[in-house]
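Colleague: Quick one: structure below, then a few questions.
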Amino acid sequence: MISDISNTAGKVDLAFLYITGMSVVLLVLITSFMVYSLVRYNVKRNPRAEQTEGNVATEIILTIIPVILVLVMFYLGWTNFSYLRNAPKDAMPVTVKGMMWSWHFEYENGKQNDVLNVPVGKPVELVLTSADVIHSLYIPAFRIKEDAVPGMKTHLWFQANELGSYDIFCTEYCGTGHSHMLSKVVVMAQDAFDEWYASSGPAGKENKGLQLLQDKGCLGCHTVDGTKKIGPTFKGIFGRKETVITEGKEHEIIVDEAFLRKAVLQPGADLVKGYPKIMPKMPVTPQELDAIVSALKDLK
Ligand code: CUA
């Protein structure tokens with residue numbers, strides 16, 4: 001009932017269990033007493049009304065017990081809240097950027113990823129921000145959640161106790177792709193993490209564009225394996241025949257370099273038929289655009 005999958009999970013579970021348990025106990029006690037009173041003091045058994053004066057002992061008991069119960073709730077809430085809010089000094093910082101519609105993680109050494117890799121048994125501090133609208137990072141297994149707000153830094157920390165892969169959701173409605181804004185926390189053994197952390201990311205000319213597609217959040221909506229997501233897949237995009245809608249008129253085109261460039265710079269100007277017009281405008285430098293277009297050409 002109380003999870004120890006992370007240092008935070010058990011604390012939240014305990015508070016939750018206490019409050020739920022108390023509520024159930026009180027519900028049963030109060031309801032039973034009500035039903036008992038209905039039967040015991042009904043009009044047939046008590047034809048004549050009688051005045052009852054207060055009872056000091058009952059009043060004292062009914063004041064002290066709830067105060068204690070509520071103070072325990074306050075204690076659990078306060079101590080665990082301050083524990084959850086204050087990351088230990090030696091926590092590994094990871095910058096988390098939410099964007100429509102993907103999560104992006106950046107480590108101290110500059111390493112970037114779209115999955116949150118962390119070592120087991122080490123505190124990790126997440127510093128959250130957003131590139132566009134308000135998102136909210138939620139890791140249900142660890143019972144932690146925090147908003148990612150544009151122009152602001154918010155914090156969250158945890159220490160995972162068990163190896164494995166756990167869901168990350170966005171829990172702030174952020175537009176059409178909200179339900180696709182998923183990622184994972186991958187808890188790795190220290191050795192495996194160190195090896196991953198020290199390894200350089202995908203390098204080389206053609207991979208730089210791919211890395212950009214990932215970093216800019218494009219892969220939140222477009223796949224590279226042929227599956228349909230919110231937008232058309234990038235697989236085999238170059239030279240593909242598409243029906244597009246330009247200023248309300250449908251026409252057929254063959255995807256070429258000029259089309260790809262325009263699609264990045266003026267999203268939705270030529271909208272591929274069958275997809276919603278929701279692509280946000282991404283800031284890209286001319287060099288980045290070149291790299292992206294050349295990567296798209298290579299995605300056969
Ligand atoms: Cu991001 Cu919902």
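The values are calculated or read from the model by the stated rules, or taken from the named source; none is laboratory data. The shown structure was predicted, so the numbers you read here are calculated from the model rather than taken from an experiment. Positions of Cβ are generated from backbone atoms using ideal geometry, with glycine treated the same way; all protein chains shown enter the neighbour counts. Accessible surface is based on the protein model in full, side chains and every heavy atom, while ligands, DNA and RNA are left aside. Shrake-Rupley method; radii C 1.70, N 1.55, O 1.52, S 1.80 Å.
Colleague: Determine the percent antiparallel among the DSSP beta bridges restricted to the chain, to the nearest 5. All intermediate terms of the calculation are to be shown ahead of the outcome.
Modeller: Values: 36 of 48 bridges.
Counting only bridges with both partners in the chain, antiparallel ones make up about 75 percent.
Colleague: Return the whole-Å distance between the Cα centroid of the stretch 127-161 and the Cα centroid of the stretch 223-300.
Modeller: Using only Cα atoms to place each centre, the spacing works out to 31 Å.
Colleague: Dipole size in debye (nearest 20) for the chain around its Cα centre, Lys and Arg Cβ +1, Asp and Glu Cβ -1? Could you put the intermediate results ahead of the total?
Modeller: On the way: 30 positive and 32 negative charges, 165 e Å.
The dipole magnitude comes to about 800 debye.
Colleague: What net charge do the residues around L38 carry, taking every other residue with its C-beta under 14 Å from that of L38, with Lys and Arg at +1 and Asp and Glu at -1? Could you put the intermediate results ahead of the total?
Modeller: Working: positive: R40, K44, R45; negative: none.
Computed value for this residue: +3.
Colleague: Here's another thing I want to ask about it. Tell me the relative contact order for the stretch 144-295 as a rounded percent, counting alpha carbon contacts under 8 Å between residues six or more apart. Can you show the working numbers first?
Modeller: On the way: 168 pairs, mean separation 26.1, N = 152.
That works out to 17 percent.
Colleague: Anyone know which of V25, V39, V120 comes out most mobile in the 10 Å Cα GNM of the chain?
Modeller: Of the options given, V39 has the highest mean-square fluctuation.
Colleague: With the dipole of the stretch 9-85 worked out from charges on the C-beta (+1 for Lys and Arg, -1 for Asp and Glu) around the Cα centre, which of I30, L76, V43 lies farthest toward the positive end?
Modeller: Positive-end residue among those listed: V43.
Colleague: Could you pull out the trypsin sites (Lys or Arg not before Pro) across the stretch 111-173 that fall in loop regions by DSSP (anything but H, G, I, E, B) with no more than 16 other Cβ atoms inside 10 Å?
Modeller: When the trypsin sites (Lys or Arg not before Pro) of the stretch 111-173 are filtered for loop state and at most 16 Cβ neighbours within 10 Å, K111, K153 remain.
Colleague: Kyte-Doolittle cut-off 0.5, length cut-off 30 Å along the helix's own axis using Cα: show which whole DSSP H helices in the chain pass.
Modeller: Numbers: long enough: 7-40 (50 Å, 1.37); 56-85 (43 Å, 1.59).
Span-like helices, by this rule, are 7-40, 56-85.
Colleague: Rounded to the nearest 500 deg cm²/dmol, what is the calculated helix-only ellipticity per residue at 222 nm for the chain, with -39500 (n - 2.57) per DSSP H run of length n ≥ 4?
Modeller: After summing the helix terms and dividing by the residues of the chain, the value is -12000 deg cm²/dmol.
Colleague: What's the FRET efficiency of K235 with E108 using the Cβ-Cβ distance as r and R₀ = 51 Å, to the nearest 0.05?
Modeller: Numbers: r = 34 Å, r/R0 = 0.67.
Once the sixth-power term is evaluated, E becomes 0.90.
Colleague: Taking the full set of protein chains and a 1.4 angstrom probe, give the accessible area of L14 in square angstrom, rounded to the nearest 10.
Modeller: 80
Colleague: Separate question: Using a 1.4 angstrom probe on the protein heavy atoms only, could you order H222, H135 from most to least accessible area?
Modeller: Numbers: H222 30, H135 0 Å².
I get H222, H135, largest accessible area first.
Colleague: Which GluC sites (Glu not before Pro) does the stretch 37-119 hold that lie in a coil by DSSP with at most 14 other beta carbons within 10 Å? If you can, show how the numbers build up before the last one.
Modeller: On the way: sites: E50, E53, E59, E106, E108; in loops: E50, E53, E108.
Loop-located and lightly packed - E50, E53, E108.
Colleague: For I253, what is the net charge nearby, where nearby means another residue's Cβ is under 13 Å from its Cβ and Lys, Arg count +1, Asp, Glu -1? Present the calculation step by step, with values, prior to reporting the outcome.
Modeller: On the way: positive: R240, K241, K249, K262, K273; negative: E242, E250, E252, D256, E257, D270.
Charge balance near I253 sits at -1.
Colleague: If you don't mind, there's one more thing I want to ask. Students sometimes get this wrong: rank E252, E125 by accessible area, probe 1.4 Å, all chains present, largest first. The partial results should precede the final answer.
Modeller: Values: E252 115, E125 45 Å².
Ranked list, largest accessible area first: E252, E125.
Colleague: Size of the stretch 103-167 along its principal axes in angstrom, Cα-based, largest extent first?
Modeller: For the stretch 103-167, the Cα spread along each principal axis is 33, 27, 17 Å.
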